[in-house]
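Below you'll find the structure, written out as C-alpha cells, and then a few comments.
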Amino acid sequence: MGSLIAVRDGSDGGENFADEIIVYVNGVRRVLPDGLAHMTLLQYLREIGLTGTKLGCGEGGCGACTVMVSYYDQHLGKTMHYAINACLAPLYSVEGMHIITVEGIGSCRHSLHPVQESLAKAHGSQCGFCTPGFVMSMYALLRSSRSPPSEDQIEESLAGNLCRCTGYRPIIDAFRSFAKTDNALYTNTSSKGNSNGSFICPSSGKPCSCGEQVSNHSVNSIVKTSCIGENKPVSYSENDGTMYSDKELIFPPELFRRKIKPLDLSGFGGLRWYRTLRLQHLLYLKSKYPDSKLVVGNSEVGIEMNLKNLKYEVLISVAHVPELSALHITNDGLEIGSAVRLTELQNFLKMLIAERDPHETSSCKALIEQLKWFAGKQIKNVASVGGNICTASPISDLNPLWMAARAKFQIISCKGTVRTMPAEKFFLGYRKVDMSPDEILLSIFLPWNRPFEYVKEFKQAHRRDDDIALVNAGMRVYLEEKGGKWAVCDASIVYGGVAPVSLPAVKTKDFLIGKHWDRKLLHDCLTVLKEDISLSEDAPGGMVEYRKSLTLSFFFKFFLWVTHQMEQKGTLTSILAASDLSAIENYYKPSFRGGQNYEIMKIGTAVGLPAVHLSSKLQVTGEAEYADDTPMPPNGLHAALILSKKAHARILSIDDLQARSSPGFAGIFLSKDVPGKNEIGPVVQDEELFASEIVTCVGQAIGVVVADTHENAKIASRKVQIVYEELPAILSTRDAINSNSFLPNTKRCLMKGDVESCLLSGLCDSVIEGEVHVGGQEHFYLEPNSSLIWTVDGGNEVHMISSTQAPEKSQKYVARVLDLPLSKVVCKTKRIGGGFGGKETRSAFIAAAAAVPSFLLNRPVKITLDRDIDMMITGQRHSFLAKYKVGFTNDGKLLALDLEIYNNAGNSLDLSLPVLERAMFHSDNVYDIPHIRIRGRVCFTNFPSNTAFRGFGGPQGMIIAENWIQRIAMELKRSPEEIREANFQSEGYVLHYGQQLQGCTLSKVWDELKVSCDFYKVREDVNQFNSHNRWKKRGIAMVPTKFGISFTSKFMNQAGALVQVYTDGTVLVTHGGVEMGQGLHTKVAQIAASAFNIPLNSVFISETSTDKVPNASPTAASASSDMYGAAVVDACEQIKARMEPIASKHKHRSFAELAAACYMERIDLSAHGFYITPDIGFDWKSAKGIPFSYFTYGAAFAEVEIDTLTGDFHTRMADVVLDLGHSLNPAIDVGQIEGAFIQGLGWVALEELKWGDADHKWIRPGSLYTCGPGSYKIPSLNDIPLRFNVALLKGVPNPKAIHSSKAVGEPPFFLASSVFFAIKDAIISARSDAGHDGWFPLDNPATPERIRMACADEFTKLFASKDYRPKLSV
C-alpha cells in the first residue's frame, strides 16, 4: 500500500517527525507505511479485511461507515471516545489513535456486545447494510457517556445514520434500553404497582402485556409491542470510558505513553500530508505552500477531493496546534480557536449558559440551537469552527450568526502579524474571504450580549436533521428605552442561501436603528426587507419565490420572539395576540412511542412466530457479507463506466489516449468490443449496453475502463474525451405529450360502463376536471450496485456475485453480451443491502458492462458504483402526469371517472409499461365507480430509464384517485373521509378490469382504524387547536388502500425451490428469491421447519444461485413469500412422502435419526419443488381478466402539524391497520409495514428529484441535481411519527396463499399518503384564516416549499399568487 520510506521536508525548522506511523485497530497495533496520504480510513479498513464498515455514500451523509475513534487528551488527562465517518477521515488523521470497528466489539463466534444483541432482538436490522453504522454510533455514545444517556442524546447520536428499511422504530426501541430512565419501566416489579396492576410498556407508555415473559407462544395469543430489557454499564474509567461488557477492548497502554509528533507524509499523485503541532511550524508550512489546505475533520475538503474531483497538493492537519484549539473566557466575551470542533463548542456553550447571566448568552443560545440541526454527530465530532467559516459557503449555518452577533475574527500572517476583522466584513464573494494565501484564521471572538440585546437563529431545510439550509439567518437587535418607549439602538440582519455569500440586509439595518419597537416598525421593515434582499429568477437552487418569502417569515418570527421576550420581562406592554405565539414556539420533539398489535397463529414448530431475522446476528456484528465485501481474487481489476454528459447527442469521436496513460490502466472497452449482442433490455431490447452512435440521456454508458484500483479506474474513465453533436432533447412528460413522444405499443385502455354518456346525461350534479402531478423517487438502497465477475476454464464459463433482485436477469444480460449459453453463466446473490425494485432490472446492465472486460481479458473484474453515479444512471420511481374528469352527486356518490395517465419512462421501455398497467389497475383505489375509462401512455424522454419501485405504479394510481376524492370533498364541503366511506367497494364488486372482489375486508380495516385512532375526538382537538393558533396548524387524514398481489404478467407467477435433507437432520433450502432485508429467507425457513416439524435453527438458506434454481422470476411484486413458500412446501411434501414408509416402520427419537435411517435405505432426501399461482390471467385485447390472486387491504390515519411561515412539518401520530391474513411472521411483517410507511412518507413529503429541465434551468440539461444524501433527503430518525402504532387485523385467514397469509412488502407504502392529505388538511385551515377557501393543488412531495407557498398569506402574496404551484420535475 505504499513505500516504508518517508520523504522529509528538510527545511522545516528542525521538527522532530515521527519515526513510526502507528494506529491501533480493534486492539491490534499497526504500522502504516508512507505513501497513503490519499487514502481514507474506510479504504484502509476494507483493504485489511474489516468490511463490516460500509461505503454507503462517500460524503458522510448516511453513517454506514461509522467507527469509533479513541485518543488520549493530554490536556484533560482522559481518553476521548467519539464516532466519525470513516469515508471522510484521512487515514493519517487517526495516527496515534485507537479505531474500533463493529468487528471489534462482538462477533457471532464469541459473543455479541449488548448494543448488538439489543438491536438483533428488537428486529432492528432488515437488509443489514446500515446496521454496523447504527451499532457504532450507539457504541461510541455509550463509551463516551459517564452516566447512561438520555433518550434525546441517543436520538441525537443517531441523527447522522440513515436506514431505508426499518422505519427506525425498532432501532429506537433497541437502544432505548440503554437510556437514563425510570428503571421500573423496564422491569416486572414496581411497574405493576399502578392502579390496575398492569405492566406499563416503555415503548407505548400504556398498560400492555409486553412485560410478561411468554414462554409458550400458543395459537391465538396476543402480543402488543416487544420490549428489550434494560442494559446497565459494568464499569467506568477515565481511560476506557463506560463499558457494558467485560470483554470490551481497552485503550492501548502504548498510546498513553506515546508522545504525539509531527508528520510529513506523501500520497498518490504527489500529495503531501503534514501534521503540525506548533503554530510557528504551521505558519512556516503555510508560507512554503500558500495554496495548501488546512484540515481538521476533512468534512469539506474530503468531499471536494472525492466527489468534486478537486486536486490539492498539500494538506496540513492543524487539529493538534494548541493556539487553534483553545477556548478562553474573558471579561468581554469568548475566544474560540479556529480548530475547535463543533461538538466541543456545543458542550462548552451549554456550560456557559448554565453559569453566566442569561442576558449575556443570547448569542450562545442561538449558536447551540443552530448546531443542533447543523449535521450528524459524526460530522460535528470532527468538523471545526474555522473550517466552516473559511469554506465561506453561502448556506453556512453559522456564518450569519457570527456576523449578526458582532463576532470578530483574528487572522495571523506567516510573519506572525495578527489583525482583527469584524465577521460581517470577512466574506467577499462566493467561497472567497478576506485572507491572503499567507494568512490563516487564528480565532473567533464572540462578545457577551448586553441587557436587552437579543440574538436569534433561523434555518429552513428540506429535512430537519442533518441537512443543508435552503435559507438561514442570524438576527440581532439591541433595544434601549427612550422616552418611555423602546427603540432600536443597534441591529444586524444576515441571511444565508439568498446570495453567493452570507448577506447582511444593510438597508434594513439602517432603517431599524432609531425606530420604536412596535407593530408599525414590523410593517414598514418588511417592506424595506423585501427590496433589500433580492433573488433573480434563475438563481442557483431555484425555489426563488419560497426563499424570498422565508426572508420575511424569519424577520416576522424574530420580531414576535423579541417582543415576547420583552413582554415576559414586563418591560413592554403587550402587543402580541395570543394566536401569534405559535409562530415563535420552538419545535419540541417528545420521546418517540410506538405500539405493535398482532395475533400469533402458530403452525407447526415455526410458522406464525415472531422470529428474528436469520441473519440479524451476522448483520449487527458486521459479519454479513455483501457483494462488495467479496475479496478481490488475484489479478483482479476494478471497472468504472464512461458516461454520457449530454441528454441527446451524436457521438462524433472518442479519444482515449489520456486514459491509456493513466496509472493502473488495464483496458478500455466500447460498443465495438462487445463479443455478443450490444442490444439489451428486460422486455424488449431497446437499449444499448454501450452507446454506439447516439446517446439519449446524461449518464448513459458509452464504455467501461478497467484498472488496478477503484480510484484509478474512475480517474482513467474521466480522462476519456468525447466530442458530441447535440440534438434536441425531451426533458419532461409534458414535452413528451406535446411532441407525441411515446414508446411504441404502449397505449392502454380500461373501461367499465359508459363514461361519456354518464357525464352528459345529467345524472351528475357536478363534474370537475383537473391535473395531478406525481413526483418520482430515488430508491436509495444503502448498498450501491456491485458485481464481481470472473471466468472459469479459460473463459468457457462466467460466474458472478451480484447485488441484484433478479439473478436470472443478470445471467441473461451477461450471456447475451458475451454470446454464451445461459448454462455457462452463473449468478449468485447472498443478500443485498436493499433493493425496493431498483435492483430488479437496472443492476443487470451494470454486471453486463463489467462482464465484457472480464471475459476479454480473462481476469476477475469488480464494479461498484459510487452513490452519485448509482443515483444518476439507474433510474427512479416513475413520475406521472394525470388528467381527470369526475362526475358525482350532491350526496358525494361517484358516478363517472374519465382519466388519462402518462408515466415518464426515460430513454427506454424497461418495465415502464407494466408499471403503467398496474397504475391503471389501481386508479380506482377502493372506490365503487359505475362508469370508468382509464387511458394510459408511456412517454419517452431523454432521462435515464425509470424502473420498478415498491408499489410498481400502484401508489401513483392511488394517489391520483385520492387527489380527486379530496377535491370532491372540498366542493361538497364535507370531509374526505365521508366521501371515501360512502363509496367503498364491497364483497362481490366487479372491478373495472373484470375481477370480482373476494374476501374483501376493507370495511373491517376501516372501522378498526377509526376506533383505534379515536378519529372524531382527534378531529375535534385539531379544530380546537387551529382556532387558537394562526401560524401553526394541524391536520388529519384517514386513507384506505387495496393492493393486488401477483405479477401482472402471468408467466412470471412461478417459483422453484430445492430442499435437501442431511443425515444429521439439518435442512438446506435454496429457492429463487433474493434476501434483501424483507425477511424472505426467514419466512421460507420457518415454512420448511414447520413442514418437517423441526426447530427453525435446523434449517439453513445460504444463497440464491441460478445453477441451483433456474429461470426464477425477480424477487418483486410482494409475491415471493407466497410463491417460494409454496414451492418449498411442495419439495418438503415430496421428501416426507418418501420418508413416510421408513417413519411408519420404526419410532425414531428425532428427525436426524429418521433422516439417517432413510439414507441407509437409499431414500432420495433431495427434492425440487415448484409452484404456479392459480386462477390468474389478463388479456389486454379484451381488457378483462383476473390479474391478481387476491388483495391486501389496509388503512392509515395520520395527524401532522405544520409551521405555516416556513413549511416545516412533523407527523404527530400515525396509526396503521393492515389485513395480512394469518401472518407467517408478525414481527417481520410489522417491520415491513413500518419501513414501507416511512419510505412512503419520504415519497409524499420529503424526497424531491430535481432534473435539468425547463423549470430548473440552473441545472445542466438532462442532469440529476439530487444525486447524493447531501441534496436528496430520505427520512431520518427525526422524521418518523411521534406516535406510531401498527395493528394486524385479526381472524381473517386468506385461503389464497401459503398458511392463510398475505403479502406485505408493497401494500403499506401508499398508506403514508395519509400524511400527505393530513398536511393538505392543515393547509386548508391556514388558507381559511387568510380568506382563501377554494380548491388548490398540492403536488407530492409536499416539501416545505410546497407547504409554505400553499399557505398563502400576506408574506407569500408579495411574491406569488394564492394558486402558485411550485415547479416539479415530472
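Structure notes:
- Filtering ILE379, ILE395 for residues that are open to solvent by less than 30 Å² (accessible area, probe 1.4 Å), touching a residue at least 40 places away in the same chain (Cβ under 8 Å) and of a type in the set (Val, Ile, Thr) leaves a single hit, ILE379.
- Residue list for the stretch 1212-1257, filter: acidic (Asp, Glu) and more than 15 Å from THR1041 (Cβ to Cβ): ASP1229, GLU1234, GLU1247, GLU1248, ASP1253, ASP1255
- Yes/no for LEU1218 being open to solvent by 10 Å² or more (accessible area, probe 1.4 Å), of a type in the set (A, V, I, L, M), in contact with a Leu (Cβ under 9 Å, 6 or more places away or on another chain) and modelled with pLDDT of 95 or more: no
- First in the stretch 961-977 and modelled with pLDDT under 95, second anywhere and assigned to a helix (DSSP H, G or I), Cβ under 6 Å, 6 or more apart: none
- Count of the stretch 404-444 residues which are assigned to a strand (DSSP E or B) and open to solvent by less than 30 Å² (accessible area, probe 1.4 Å): 14
- Extreme residue, farthest from ASP891 (Cα to Cα), among residues of the stretch 976-1008 that are of a type in the set (Ser, Thr, Tyr) and open to solvent by less than 40 Å² (accessible area, probe 1.4 Å): TYR993
- All told, PHE855 meets the bar of being modelled with pLDDT of 95 or more, within 30 Å of GLY795 (Cα to Cα) and either open to solvent by 10 Å² or more (accessible area, probe 1.4 Å) or part of a loop (DSSP other than H, G, I, E, B) (or both).
- Some residue of the stretch 868-875 being hydrophobic (A, V, I, L, M, F, W, C), surrounded by fewer than 24 Cβ atoms within 10 Å (Cβ to Cβ) and either touching a residue at least 40 places away in the same chain (Cβ under 8 Å) or part of a strand (DSSP E or B) (or both): yes
- Some residue of the stretch 695-707 being surrounded by fewer than 16 Cβ atoms within 10 Å (Cβ to Cβ) and more than 28 Å from GLN805 (Cβ to Cβ): no
- Here GLU457 does not qualify as more than 29 Å from HIS1210 (Cβ to Cβ) and among the charged types (D, E, K, R).
- Boolean, ASN904 is of a type in the set (S, T, N, Q), touching a residue at least 60 places away in the same chain (Cβ under 8 Å), in contact with a helix residue (DSSP H, G or I) (Cβ under 8 Å, 6 or more places away or on another chain) and not in a strand (DSSP E or B): no
- Hey, GLY636 out of contact with any Asp or Glu (no Cβ under 8 Å at 6 or more places or on another chain), modelled with pLDDT of 95 or more and closer than 24 Å to LEU689 by Cβ or not: yes
- Against the numbered list (1) modelled with pLDDT of 95 or more; (2) over 36 Å from the mean Cα position of the chain (by Cα), SER1105 comes up short only at (2).
- Residue match in the stretch 1231-1252 (condition: without any contact (Cβ under 8 Å) to a residue 40 or more places away in the chain, of a type in the set (Phe, Trp, Tyr) and open to solvent by 10 Å² or more (accessible area, probe 1.4 Å)): no
- If the condition is being touching a strand residue (DSSP E or B) at 6+ places or on another chain (Cβ under 8 Å), open to solvent by 40 Å² or more (accessible area, probe 1.4 Å) and of a type in the set (D, E, K, R), then the stretch 626-672 contributes ASP628, LYS645, LYS646, ARG650, ASP655, ARG660.
- Of all residues in the stretch 286-318, those that are in a helix (DSSP H, G or I) and either among the polar types (S, T, N, Q) or open to solvent by 60 Å² or more (accessible area, probe 1.4 Å) (or both) total 3.
Residues are listed down the side, and each one gets a yes or a no for (1) closer than 24 Å to GLY1305 by Cα; (2) open to solvent by less than 10 Å² (accessible area, probe 1.4 Å); (3) without any contact (Cβ under 8 Å) to a residue 60 or more places away in the chain:
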residue	(1), (2), (3)
GLN1024	no, no, yes
GLY1035	no, yes, no
VAL1039	yes, yes, no
GLY1072	yes, yes, no
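- Helices (runs of 4 or more DSSP H) wholly inside the stretch 42-157 containing at least 3 residues that are open to solvent by less than 10 Å² (accessible area, probe 1.4 Å) and touching a Phe, Trp or Tyr at 6+ places or on another chain (Cβ under 8 Å): 114-121, 131-144
- Only one of the listed residues (LYS459, LYS425, LYS408) is under 30 Å from GLU585 (Cα atoms) and among the basic types (Lys, Arg). That residue is LYS459.
- Residue in the stretch 508-530 that is over 30 Å from ARG356 (Cα atoms) and within 28 Å of the chain's Cα centre (by Cα) present: no
- Among residues of the stretch 263-285 that are within 12 Å of PRO90 (Cα to Cα), none has a Cβ under 7 angstrom from a residue that is of a type in the set (Lys, Arg) and in a helix (DSSP H, G or I) at a sequence gap of 6+ or on a separate chain.
- Cβ pairs under 7 Å, 6+ apart, first in the stretch 500-528 and in contact (Cβ under 8 Å) with a residue 60 or more places away in the chain and assigned to a strand (DSSP E or B), second open to solvent by 40 Å² or more (accessible area, probe 1.4 Å) and among the charged types (D, E, K, R): PRO504/GLU424
- Residue that is nearest to MET1123 (Cα to Cα), among those in the stretch 1141-1152 that are within 51 Å of the chain's Cα centre (by Cα) and exposed (fewer than 14 other Cβ atoms within 10 Å of the Cβ): SER1150
The values are calculated or read from the model by the stated rules, or taken from the named source; none is laboratory data. Keep in mind the model is a prediction, meaning the values are calculated, not measured. Note that we place each Cβ from the backbone using ideal geometry, even for glycine, and neighbour counts take in every protein chain shown. The area values use the complete protein model at the heavy-atom level, side chains included, leaving out ligands, DNA and RNA. Shrake-Rupley method; radii C 1.70, N 1.55, O 1.52, S 1.80 Å.
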